[in-house]
Amino acid sequence: MADPLQTLLDGALKPNPFPPTSRYYGVKTASLVTADGTMLVHLRRRFVPASDRFTVVQEHRVTAGERLDHLAATYLGDPEQYWRLCDANDAVRPDELVERLDAVVRIALPEGVGGGPGA
């Protein structure tokens, strides 16, 4: 019979289970053992890259009723990638990108992916 504590430890110490499209992909886990012996596993802090590290390929002007997940679906092909728009626009709260009419949302390549002229 498997030791339940060892099973928990084995799962806690493996790389996190997030897919490559997740904002948490590659973020390491850490654990803390409380005074009563309970192990708490958590994600370490995700450091958001500076917006100037992104290559902007297009800008979008916000119109009435737009939602960030719809913009992500339109420009990035996946509504769950809205966080990429947040990162590229220094947005802490996702909704702040679409709150103001005529605001400009920068559509950028993922961090570290450069684009040449006409990219």
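The values are calculated or read from the model by the stated rules, or taken from the named source; none is laboratory data. Values in this document were obtained by computation on a predicted structure and should not be read as measured data. Here the Cβ positions follow ideal geometry from the backbone for every residue, glycine too, while neighbour counts run over all protein chains shown.
Worth pointing out:
- Test for residue 92: is it of a type in the set (Val, Ile, Thr) and surrounded by fewer than 16 Cβ atoms within 10 Å (Cβ to Cβ): yes
- The set of residues in the range 67-89 being of a type outside the set (A, V, I, L, M) and crowded, with 17+ Cβ neighbours inside 10 Å consists of 75, 81, 82, 83, 84, 86, 87, 89.
- Top-ranked residue of the range 1-36 - restricted to ones that are surrounded by 10 or more Cβ atoms within 10 Å (Cβ to Cβ) and among the hydroxyl-bearing types (Ser, Thr, Tyr), ranked as modelled with the lowest pLDDT: 7
- Test: residue in the range 20-40 that is among the basic types (Lys, Arg) and in the same structural domain as residue 94 (by TED's automatic domain parsing): no
- Residues satisfying the stated conditions in the range 37-58, i.e. under 17 Å from residue 110 (Cβ atoms) and assigned to a strand (DSSP E or B): 56, 57, 58
- Candidates 55, 74: the one that is touching a residue at least 40 places away in the same chain (Cβ under 8 Å) and of a type in the set (Val, Ile, Thr) is 55.
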